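Reading through the structure tokens given below for one structure.
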Amino acid sequence: KDSGALWSDQFTKTFTVVYAKPPVPQCASSWDDDGALTLVVSVPPPASGQVAATSAPVWRGGSLAGEFLGTSGVIRDSIAPLGGVVYRVVAVSAIPSTSEVQHATEEYGGACWIFLNGGSDFAHVAKLRIDPAISIAPQGIRVLQPFDGRPAPVEFMSLMQYDQLRLTGRVRDSGPIAERLSSWQAWQQISRMPAPICYRDHLGRRLFCSLSVDDLGHSVSPHVTISATLTEVDYAE
């Protein structure tokens, strides 16, 4: 805004307004058995010269992991990378003015599972022990490109590159047969869900895929056998 009407100095055309900011948020995080990360956020009461926070969005990279109104809340990130991740928590006042903090989580230290999340908010989980056979094949898209002066198009690989994963392994459960059956049912349900399915493992891979369960067996012995193919798909969080 032109400041000519505010000061007698005719050459002054800009000015800066410093707004009071809300307190810096505080964070704590923990992992659960399904590989989901729970982030507890609280914004302290405003001190002298500060203003109260009215909301706090939580960002994971360029993706909004969640948001709550008020000064405290809990965000459950179902598809957090298992290798640890940095969240950016922003306290927003009614002015609006902001203050933020970055929170680096610990790596997932639970049982060695491979996690596949699907469904609404990726809340449905199917798990596979991390000792299965895993093969990964890059799938480049081949297209025919016509060029002037050539009698026929030329085949080349496009810039679009996808990965295809092949999984074969067991879900080992202990306990009553009902608990073992629940793992079989979890895979049965996720096999019927549309893409994207989020694949995560302890090697740091995190892919959004289309899932095809080729074989799913369950018996009275304490394991469920799985054979599945996953093909990477385009997905913007």
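The values are calculated or read from the model by the stated rules, or taken from the named source; none is laboratory data. All values derive from a computational prediction rather than experimental measurement. Glycine also receives a Cβ, built like all others from the backbone with ideal geometry; neighbour counts cover every protein chain displayed. Protein only, heavy atoms only, side chains kept; ligands, DNA and RNA dropped before computing areas. Shrake-Rupley method; radii C 1.70, N 1.55, O 1.52, S 1.80 Å.
Some observations on this one:
- Put simply, the amide H of residue 223, placed in the peptide plane, has neighbours under 5 Å in 173, leaving out anything fewer than 5 places away on its chain.
- Between residue 168 and residue 97, full extension at 0.36 nm per residue minus the direct alpha carbon distance yields a gain of 20.4 nm.
- For the range 16-123, the residue among 113, 81, 22 whose Cα projects farthest onto the positive side of the dipole built from Cβ charges is 22.
- In plain terms, the chain from residue 227 to residue 182 could stretch by 14.5 nm, reckoned as 0.36 nm per residue minus the Cα-Cα distance.
- Spin-label model, residue 235/residue 135: points 7 Å from Cα along the beta carbon direction are separated by 2.4 nm.
- Summary value for the range 22-135: 26 percent relative contact order, contacts being C-alpha pairs under 8 angstrom separated by 6+ residues.
- Listed residues 162, 108 arranged by accessible area, highest first, probe 1.4 Å: 162, 108
- Relative packing of 80-92, 23-35, 110-122, 61-73, which averages over residues the other C-beta atoms within 10 Å, highest first: 80-92, 110-122, 23-35, 61-73
- Modelled FRET efficiency - R0 35 Å, residue 63 with residue 215, Cβ distances, 0.05 increments: 0.55
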